[in-house]
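Since the structure comes first, as structure tokens, the remarks are kept for the end.
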Amino acid sequence: MSNGYHQKMLRVDLTARKAVVESIPEEDLKKFIGGAGLGGEILRREVPAKLPAYDSRNQVIFTTCPFQVPPVGGGAKFSIVGISPVTGTFADTAGGA
């Protein structure tokens, strides 16, 4: 683990019923930090432009930030990123303590 990251992600394919652990390049973690930034970049790279929200190739991405056990309240956040079925564009939300 470096800089608060484990540099891993779990890719789950619900259609194939498979899950695979993959590495996240360190440069992506430095550039996009985590949360909606990292999720948005994964979405941009992997989901074709103008893909309908309910298309099986679409992704719902859960990401965290490097501050999961901070000594300060409000740091443990996660983001959910995807294509909005209402607007057909990037959408994200965040939750946590």
Could you list, ordered by first residue, the pairs with Cβ atoms under 6 Å in which the first is in region 13-28 and surrounded by 10 or more Cβ atoms within 10 Å (Cβ to Cβ) and the second is aromatic (Phe, Trp, Tyr), at least 6 apart or interchain?
none
Pairs needed: first member in region 40-66, part of a strand (DSSP E or B) and surrounded by 10 or more Cβ atoms within 10 Å (Cβ to Cβ); second member anywhere, modelled with pLDDT under 85 and of a type in the set (Lys, Arg); C-beta distance under 9 Å; at least 6 residues apart or different chains.
THR64/LYS77
Which residues, taken from region 6-34, are part of a strand (DSSP E or B) and either over 24 Å from PHE67 (Cβ atoms) or not charged (D, E, K, R) (or both)?
MET9, LEU10, VAL12, ASP13, LYS18, ALA19, VAL20, VAL21, SER23
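The values are calculated or read from the model by the stated rules, or taken from the named source; none is laboratory data. Not measured: the values here are computed from a predicted model. All Cβ positions, even for glycine, are placed from backbone atoms using ideal geometry, and neighbour counts span all protein chains on display.
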